[in-house]
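Before any comments, here is the structure.
The values are calculated or read from the model by the stated rules, or taken from the named source; none is laboratory data. Everything numeric in this text was worked out from a predicted model, so none of it was measured. Cβ: placed from backbone, ideal geometry, glycine included. Neighbour counts: every protein chain shown. Please note that ligands, DNA and RNA were not included when accessible areas were found on the heavy atoms of the full protein model with its side chains. Shrake-Rupley method; radii C 1.70, N 1.55, O 1.52, S 1.80 Å.
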Amino acid sequence: MNKPFLVLAISVLISLPVLAALKVGDKAPDFTARASLAGKEFTFSLPDALKKGPVVVYFYPSAYTKGCDLEAHTFAQMKDKFDAAGATIIGVSADSIQRLDQFSADPEYCAGKFPVASDASREIAASYNLATSAVKPGQMDVRGTAIDHDLIERTTFVIGKDHKIIAALSSKDDHLAPDEHVQKSLAIVQGLASK
């Protein structure tokens with residue numbers, strides 16, 4: 001590679017905008033996806049869910065990994081409170097629908113209380129401007145099974161009935177632990193319900 005071409009390539013890369021997740025006030029991209037609730041597959045539709053009230057869309061790296069397991073378990077424990085606030089929960093990862101069928105029904109994690117959707121192509125994550133990273137070779141989940149998909153950055157969006165993003169919570173930018181995503185999104189939907 002010649003030096004002028006290298007300098008040009010570097011300057012082009014530097015001038016590219018940094019991928020930044022959608023922010024408060026942005027219109028949330030609609031999506032439909034294969035999802036699983038209590039081990040049963042169905043098609044989740046964000047527009048349909050928004051007709052009922054706010055939706056908490058939480059993206060997570062992978063089922064059966066420590067932080068994601070804690071987050072799913074905490075959402076399951078708090079599900080009644082989200083229901084009382086009129087909010088729907090949907091988890092989204094690049095896991096296959098087969099993995100999610102197990103995860104959604106597992107009493108230690110989703111416990112059949114809320115659905116998780118497969119974004120194996122990562123198109124939904126891309127529409128929300130979320131970064132993905134390649135799994136490390138040989139990386140295993142807590143069950144000792146190889147993880148065979150890219151990891152989506154942990155980010156939670158609270159979306160209002162008007163399709164506008166009310167809150168965007170990021171582990172990377174906001175330094176939130178997985179279970180803090182649940183607590184903060186619950187406080188937001190409870191605040192909406194009290195208005």
* Which one of the conditions (1) in contact with a Lys or Arg (Cβ under 6 Å, 6 or more places away or on another chain); (2) on the phi < 0 side of the Ramachandran plot does Tyr64 fail to meet, given that it meets all the rest? -> (2)
* Report yes if some residue within the range 51-60 is under 19 Å from Ser121 (Cβ atoms) and not hydroxyl-bearing (Ser, Thr, Tyr); otherwise report no. => yes
* Structure fact -> Residue count, the range 103-123, condition among the aliphatic types (A, V, I, L, M) and surrounded by fewer than 23 Cβ atoms within 10 Å (Cβ to Cβ), comes to 3
* Which is open to solvent by 70 Å² or more (accessible area, probe 1.4 Å) and of a type outside the set (Phe, Trp, Tyr), of His175, His163? -> His175
* Asked: Residues in the range 50-70: is at least one modelled with pLDDT of 95 or more, of a type in the set (Val, Ile, Thr), open to solvent by 40 Å² or more (accessible area, probe 1.4 Å) and farther than 17 Å from Asp179 by Cα?
  -> no
* To do: Output yes when any residue across the range 84-93 is closer than 25 Å to Asp173 by Cβ, surrounded by 16 or more Cβ atoms within 10 Å (Cβ to Cβ), modelled with pLDDT of 95 or more and among the polar types (S, T, N, Q), and no when none is.
  => yes
* Specify which of the listed residues (Ala9, Ala35, Ala20) is of a type in the set (Gly, Ala, Ser) and either modelled with pLDDT of 95 or more or in a strand (DSSP E or B) (or both). => Ala35
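Results for (1) over 17 Å from the mean Cα position of the chain (by Cα); (2) not small (Gly, Ala, Ser), shown as yes or no for each residue.
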| site | (1), (2) |
| --- | --- |
| Thr155 | no, yes |
| Asp162 | yes, yes |
| Leu169 | no, yes |
| Pro178 | no, yes |
| Ser185 | no, no |
| Leu192 | yes, yes |
* Asked: Can you pull out the residues in the range 153-175 that are within 15 Å of Lys66 (Cα to Cα) and either of a type in the set (D, E, K, R) or touching a strand residue (DSSP E or B) at 6+ places or on another chain (Cβ under 6 Å) (or both)?
  -> Glu153, Arg154
